[in-house]
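Q: The structure's right below; bear with me while I get my questions together.
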Amino acid sequence: MISFRYHMPRKVRQLIAELKAAGFIDRGGRGSHRNFLHPKGVRLTLSGHPGADAKAYQEREVARTLERLKDDGK
C-alpha cells in the first residue's frame, strides 16, 4: 500500500484570522488582495476570497511571517 500525507488546505479566512490575532491590521486592497501591516513594520499581502482554499505557498508565508515576529519578540 502506498502511503502519503495530504492535508486539507485551510481557508483564506483562517489565515486572515491568524494574522489579525497576531496584531496585523487589514489595510484593505484591490479585488481579492488584502494588505496587512503589523505595528512592528512587517507587511504581508494575501490574495484570495475568504471562502477559497489557501494555496500551500500562502500557508507557508503566513507561518514564516508569524514565526519571524515571534523570534523578534525575544
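Q: Using θ = phi - 60° and the Karplus curve 6.51 cos²θ - 1.76 cosθ + 1.60, what whole-Hz ³J(HN,Hα) does each residue of the stretch 56-62 get, with Gly and Pro shown as x?
A: Once θ is set to phi - 60°, the couplings for the stretch 56-62 become 4, 5, 5, 4, 5, 4, 5 Hz.
Q: Moving on. Which label marks the calculated value of percent of Cα pairs over 22 Å apart, given the options [x] 25; [y] 16; [z] 42?
A: Here the calculated entry is [x].
Q: Between the alpha-carbon centers of the stretch 50-74 and the stretch 12-43, tell me the distance in whole angstrom.
A: 11 Å
Q: With the crude spin-label approximation of a point 7 Å out along Cα→Cβ, what separation in nm comes out for ALA56 versus TYR6?
A: If labels sit at ALA56 and TYR6, their model points lie 1.2 nm apart.
Q: Let me ask something additional. Taking θ = phi - 60°, what integer Hz values does the Karplus form 6.51 cos²θ - 1.76 cosθ + 1.60 yield along the stretch 24-30, in sequence order, with x for Gly and Pro?
A: Result, rounded to whole Hz: 6, 10, 7, 8, x, x, 10.
Q: Specify the angular offset, from 0 to 90 degrees and rounded to the nearest 10, of the alpha carbon long axis of helix 12-21 from the longest principal axis of the alpha carbons in the chain.
A: So the helix axis and the longest Cα principal axis differ by about 40 degrees.
Q: Could you pull out every residue, at least 5 positions away or on a different chain, whose amide H is within less than 5 Å of the one on ALA54? Hs are placed 1.01 Å off N in the peptide plane, and Pro or chain starts have none.
A: ARG10, LYS11, VAL12
The numbers here are math on the coordinates, done by the rules we state, and not lab data. For clarity, every value in this text was computed on a predicted model and none was experimentally measured. Cβ coordinates were reconstructed from backbone atoms using ideal geometry, including for glycine residues, and neighbour counts include every protein chain displayed.
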